[in-house]
2 protein chains.
Amino acid sequence: MFKELNPLLHSELRLAVMSILLSVESADFVYLKELTGATAGNLSVQIDKLQKAGYISVEKGFKGKMPRTTCSITQEGVAAFEEYVEAIKSYIIK
Amino acid sequence: MFKELNPLLHSELRLAVMSILLSVESADFVYLKELTGATAGNLSVQIDKLQKAGYISVEKGFKGKMPRTTCSITQEGVAAFEEYVEAIKSYIIK
DNA sequence: TAAAGTAGTTTATTTTATAAACCAAATTTT
DNA sequence: AAAATTTGGTTTATAAAATAAACTACTTTA
């Protein structure tokens, strides 16, 4: 009847991050922060969780002298997101 | 860009309960428990939250001699659910 | 060189989700 | 008919999550 909702994706901020990363090649920390409106602390934590789950890859480098964290979605992440979409539909589609 | 997800509905069990109640006139505690697979304790708590939010109405009576709790969705609940559906779509529809 | 800004991380707090333990009444078993 | 079990829940305790505040380290500006 109802499919299970992957708890790692069933989170407003993590879902937003994944949704953004699905539509771009990659996105840096500042960009994700602006688009989501999240605080830096919250975003940092959630990015970490997504990375540890293998749903995104995170590269920490520098743009000039300033630190820059770049994220992109993994194949595993795409698959998990698609599964989540199917699952949530089981609750909202009549 | 992303719409806010009503935290009261952004919960697997509460969403399942609301989804069921949308499609039936009313449902009792035992029926909801069977369909959702939730424990009685968890279901009890979540029903309470939905009721306090005004999203469902709860009637406690008896069927013969056994207690029976009957739930049905309110207009407010329908509206909130529909808004949630629109909101979640902003994350999952490309 | 002091103040303010940037790009984050770590820590602490509040909220949630969930299950375990419990309760009262009804039913079944012995 | 007493004891055990089941039914239909509620309350309480615990684990997990979300979030913001505080902090770090470096850079730019005044």
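The values are calculated or read from the model by the stated rules, or taken from the named source; none is laboratory data. None of the values given here were measured: they were computed from a predicted structure. Here the Cβ is made from the backbone with ideal geometry for all residues, glycine too, and neighbour counts use every protein chain on show.
So is A:Lys49 basic (Lys, Arg) and either away from DNA strand D (no atom under 16 Å from the Cβ) or over 21 Å from B:Phe2 (Cα atoms) (or both) or not? No, not satisfied.
Pairs meeting the criteria (first residue in segment B:1-21 and among the hydroxyl-bearing types (Ser, Thr, Tyr), second residue in a helix (DSSP H, G or I) and within 14 Å of DNA strand C (Cβ to nearest atom), beta carbons under 9 Å, at least 6 apart or on different chains) are B:Ser11/B:Gln46; B:Ser11/B:Lys49; B:Ser19/A:Tyr91. Please tell me if B:Lys49 is modelled with pLDDT of 95 or more and not acidic (Asp, Glu). Considered against the rule, which asks whether it is modelled with pLDDT of 95 or more and not acidic (Asp, Glu), B:Lys49 comes out as yes.
Here's the yes/no breakdown for (1) surrounded by 16 or more Cβ atoms within 10 Å (Cβ to Cβ); (2) within 14 Å of DNA strand C (Cβ to nearest atom); (3) more than 10 Å from chain A (Cβ to nearest Cβ); (4) not hydroxyl-bearing (Ser, Thr, Tyr):
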| residue | (1), (2), (3), (4) |
| --- | --- |
| B:Leu5 | yes, yes, no, yes |
| B:Leu13 | yes, yes, no, yes |
| B:Ser26 | no, no, yes, no |
| B:Thr36 | yes, yes, no, no |
| B:Gly41 | no, yes, yes, yes |
| B:Arg68 | no, yes, yes, yes |
| B:Ile73 | yes, no, yes, yes |
| B:Ala80 | yes, no, yes, yes |
| B:Ala87 | yes, no, no, yes |
